[in-house]
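Encoded as structure tokens, the structure appears first; notes follow it.
The values are calculated or read from the model by the stated rules, or taken from the named source; none is laboratory data. In this text, all values refer to a predicted model and were calculated from it rather than measured experimentally. We place every Cβ from the backbone using ideal geometry, glycine too, and count neighbours over all the protein chains shown.
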Amino acid sequence: MKFCSTYTVLLSILLLSEIVEASGCWRNTPCTGPSDTAFPGPWESNIYAPRTRIVQPKVILALPGGTKKLSGYPGPASLRGNGSGIVFDFGIEVGGIVSVSYTASEKGSLGLAFTEASTWIGEWSDASNGKFQGRDGALYANISGSGNWTYVMPNKSMRGGFRYMTAFLITSENSTVDITDVSLELSFQPTWANIRAYQGYFHSNDELLNRIWYAGAYTLQTNAVPVNTGRRVPMLSNGWANNGTLGPGDTIIVDGAKRDRAVWPGDMGIAVPSSFVSTGDLESVKNALQVMYNYQNPDGSFPEAGPPLLQQNSDTYHMWTMIGTYNYMLYTADSTFVAENWAKYLRAMTYIYGKVLQSSGLLNQSGTRDWARWRTGFNNTEANIILYHTLTTGASLATWMNSTTNHSSLWTSRAASLRTAITKHCYDPLYGAFKDNATSTSLHPQDANSMALLFNLIPPNSSAASSVSTRLTQNWTPIGAITPELPENISPFISSFEIQAHLTINRADRALDLIRRTWGWYANHPNGTGSTVIEGYLANGTFGYRGSRGYGYDASYVSHSHGWSSGPTSALTEWVLGLRVMEPGGRRWSVRPRFGDLRECEGGFLTRLGVFRAKWVRGEEGYSLTFKTPVRTEGELGLPVLEEGKMPSVRIGGEAVGEGKARLEGSAVVLDLPGGNYSVEVWR
């Protein structure tokens, strides 16, 4: 929108009133989110989310490349003649509607281009439209003559994710433009008036891990978007548009801030647990799951992605919708939602289990689309392990829903048979890890082997589990784990499963090492957002993730704020701190720390039952642990031993715990406890 100087004052008042109204929740969205943080404390300094919905740049940089700082913001922001330009750096990943006020001396055009990474600072935005036929390019404000002007980005051109905005002048005249104000109305987390009102927290003595946890949390916030801001389909050849309808409700979780801005259930396998322990935003999750049920196909299959994309033909993402239903029920105890969709869930289970071949007992993966791996189809091991997890979580769902049929026992039995078949046909005992499929292939993938441990396909205390964990480390580089099923690529999505896999067998040392290599590399990257987690990158340290696998060899297309890479956020809370819910809403829980090299760690989250919180501190002779869980719950406390095979001395509330009250299970002392406040001391 362009305005002549005659109406500048009046329009500025109108725009200011819109901004004031939008400083809470997004536009006319009802404010249903939390009003304040659940756990105030010094760790809030790690939250990247701004304090207001209206934000402004932090500094002004020079072209080319934005490598030189001109001034802080506000500061001199003048364009002199054709081709002149400057860069506004917001300091973190942002997204929404930009407003620019300026004074012009002559006619011309003011161009605006956007990028998440500083690598692509310039007069062309980084890629997001997905067509790979043209460029996103820039937005242009027409300057018809001298005067004071304000340009507001059109709603359909809302930019979902960026850190840097380049402003440049196109003119045939001897024109000057003085930019007097730049502001951005954040569109993400639309139902929250206070976007720093986290319902979970994490803090440790390792500041890098703290930064990574909060980067994952902030990424998930940028992925919680208004339901009318999906990427346009059909995709544009040039430019971009984010005005597609994504699903029901007011907020919904998508894959990435910049792109694809669509619901992808596979991504939610990592994003949902991390959302639960950090922001606590499960309303966006509910709406994302509901849209998948709304678009279930007549044969019982789910789309691979939600509308407007509605991509089909993925057995794995079909199952991730089902697993997502389990996760949502686990964290919320929202049995009403599950009951409303239970008939569709049953049809989905019938559909996917119908692909199991009697001859081998393995799933025949005919819906071959998946996360980006090259080889899919037939008896693919990853798909079979996801089916195993679908059956076991389905059995739990059936129990929680008090199903009067035999679904729980049937699915448990089928899971056991499938586990036998996978182990028989897909495990390579000579190599000590799972093959990519039930052939003589020499490919041993990261995804299937990570999931085999995480989903308890093999016992965590077995020699096979130890071997799989060791074999996974052989893919490591100084900046992360190369995924053999997508050669030369590093996938924080699949590595999110791997770090949890190592934690299941009490190899916190390996998990923390991989987190620091992978997420630490990006957290400290000078060209990154400094606030979010990246979709993926190459082993050579460039951002050209899967350029040859669907991304048109355009490295600028990679998303730098992608929720599927937020695995450390949930892993650090649920596995390293050791605080997990095991049944809906936390009516049953587990506290089982895994120390690694950390000296102290604390965190917490909320469910509808109340507060869950824990803290442990290690000393020379042992460690202390305090934790709180709601009354009328019960759980299991697992205390790491100080010497393998030896029961340590334990005091709870100052009273010694005798061997009759505790049991030694592997490398932990285990007790069953009711919910409450506990203070525990463990020493030699």
Query raised in the report: Looking at Thr404, Thr412, Thr423, which one is touching a helix residue (DSSP H, G or I) at 6+ places or on another chain (Cβ under 7 Å), polar (S, T, N, Q) and either in a helix (DSSP H, G or I) or assigned by TED's automatic domain parsing to the domain that holds Leu514 (or both)?
Result: Thr412
Requested in this report: Would you please name the residue that is surrounded by the fewest Cβ atoms within 10 Å (Cβ to Cβ), looking only at residues in the stretch 456-511 that are part of a loop (DSSP other than H, G, I, E, B) and among the small types (Gly, Ala, Ser)?
Outcome: Ser462
Query - Candidates Ala448, Ala452, Ala433, Ala465, filtered to the one that is over 22 Å from Leu330 (Cβ atoms) and either charged (D, E, K, R) or touching a residue at least 60 places away in the same chain (Cβ under 8 Å) (or both) - result: Ala448
Requested in this report: Could you run through the stretch 547-561 and say how many residues are of a type outside the set (Ser, Thr, Tyr), part of a loop (DSSP other than H, G, I, E, B) and within 23 Å of Asn524 (Cβ to Cβ)?
Outcome: 2
**Report entry** Qualifying positions in the stretch 213-258 - under 14 Å from the mean Cα position of the chain (by Cα), of a type in the set (A, V, I, L, M, F, W, C) and either assigned to a strand (DSSP E or B) or more than 19 Å from Arg27 (Cα to Cα) (or both)
**Finding:** Trp213, Ala215, Ala217, Leu220, Ala224, Val225, Ile252, Ile253, Val254
Report task. Among the residues of the stretch 604-615, write down those that are touching a Phe, Trp or Tyr at 6+ places or on another chain (Cβ under 6 Å) and not small (Gly, Ala, Ser). Result -> Phe605, Phe612
Requested in this report: Might you let me know whether the stretch 121-137 holds any residue that is under 21 Å from Gly72 (Cα atoms) and surrounded by fewer than 22 Cβ atoms within 10 Å (Cβ to Cβ)?
Outcome: yes
Query raised in the report: When the residues of the stretch 185-218 are filtered to those that are within 30 Å of Arg618 (Cβ to Cβ) and of a type in the set (Ser, Thr, Tyr), which remaining residue is surrounded by the fewest Cβ atoms within 10 Å (Cβ to Cβ)?
Result: Ser204
Report summary line: Arg546: passes all of (1) among the basic types (Lys, Arg); (2) surrounded by 20 or more Cβ atoms within 10 Å (Cβ to Cβ); (3) closer than 21 Å to Asp513 by Cα but (3)
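Filter the stretch 195-232 down to the residues that are without any contact (Cβ under 8 Å) to a residue 60 or more places away in the chain and under 22 Å from Leu598 (Cβ atoms) and list them by number.
Filtering the stretch 195-232 down to residues without any contact (Cβ under 8 Å) to a residue 60 or more places away in the chain leaves 207, 228.
Residue satisfying the conditions is Glu207 alone.
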Query - Residue pairs meeting the criteria (Cβ under 7 Å; at least 6 apart or on separate chains; first within 25 Å of Ile458 (Cβ to Cβ), in the stretch 400-416; second in a helix (DSSP H, G or I) and not aliphatic (A, V, I, L, M)) - result: Ser408/Thr399; Trp411/Gly394; Arg414/Tyr353; Ala415/Tyr388; Ala415/Thr392
Query raised in the report: Got at least one residue in the stretch 592-609 being touching a His at 6+ places or on another chain (Cβ under 7 Å), at pLDDT 95 or above and not in a loop (DSSP other than H, G, I, E, B)?
Result: yes
Query raised in the report: Residues in the stretch 429-439: is at least one outside any helix (DSSP H, G or I), β-branched (Val, Ile, Thr) and either under 24 Å from the mean Cα position of the chain (by Cα) or not assigned by TED's automatic domain parsing to the domain that holds Val591 (or both)?
Result: yes
Report task. Evaluate the stretch 442-451: report whether one residue or more is within 23 Å of Phe595 (Cβ to Cβ), in contact with a Pro (Cβ under 8 Å, 6 or more places away or on another chain) and outside any strand (DSSP E or B). Result -> no
**Report entry** Condition met for Tyr326 (surrounded by 20 or more Cβ atoms within 10 Å (Cβ to Cβ) and closer than 27 Å to Thr423 by Cβ)
**Finding:** yes
Query raised in the report: Within the stretch 95-119, how many residues turn out to be over 21 Å from Val55 (Cα atoms) and within 26 Å of the chain's Cα centre (by Cα)?
Result: 1
Report task. Mind listing whichever residues of the stretch 626-683 are more than 21 Å from Gly610 (Cβ to Cβ), in a loop (DSSP other than H, G, I, E, B) and either outside the structural domain of Gly610 (by TED's automatic domain parsing) or β-branched (Val, Ile, Thr) (or both)? Result -> Val641, Val657
Query raised in the report: How many of the residues in the stretch 108-119 are out of contact with any Phe, Trp or Tyr (no Cβ under 8 Å at 6 or more places or on another chain) and surrounded by fewer than 21 Cβ atoms within 10 Å (Cβ to Cβ)?
Result: 0
Query raised in the report: Can you pull out the residues in the stretch 517-529 that are crowded, with 20+ Cβ neighbours inside 10 Å, out of contact with any His (no Cβ under 7 Å at 6 or more places or on another chain) and either of a type in the set (Asp, Glu) or farther than 14 Å from Ala481 by Cβ (or both)?
Result: Ala523
Report task. Identify, from the list Ala398, Ala465, the residue that is under 30 Å from Arg347 (Cα atoms), modelled with pLDDT of 95 or more and of a type in the set (Gly, Ala, Ser). Result -> Ala398
Query raised in the report: In the set Thr404, Thr368, which member is of a type in the set (Val, Ile, Thr), at negative phi and at pLDDT 95 or above?
Result: Thr368
Report task. Just name the residue that is nearest to Leu387 (Cα to Cα) out of those in the stretch 299-316 that are touching a helix residue (DSSP H, G or I) at 6+ places or on another chain (Cβ under 9 Å) and surrounded by fewer than 17 Cβ atoms within 10 Å (Cβ to Cβ). Result -> Asp299
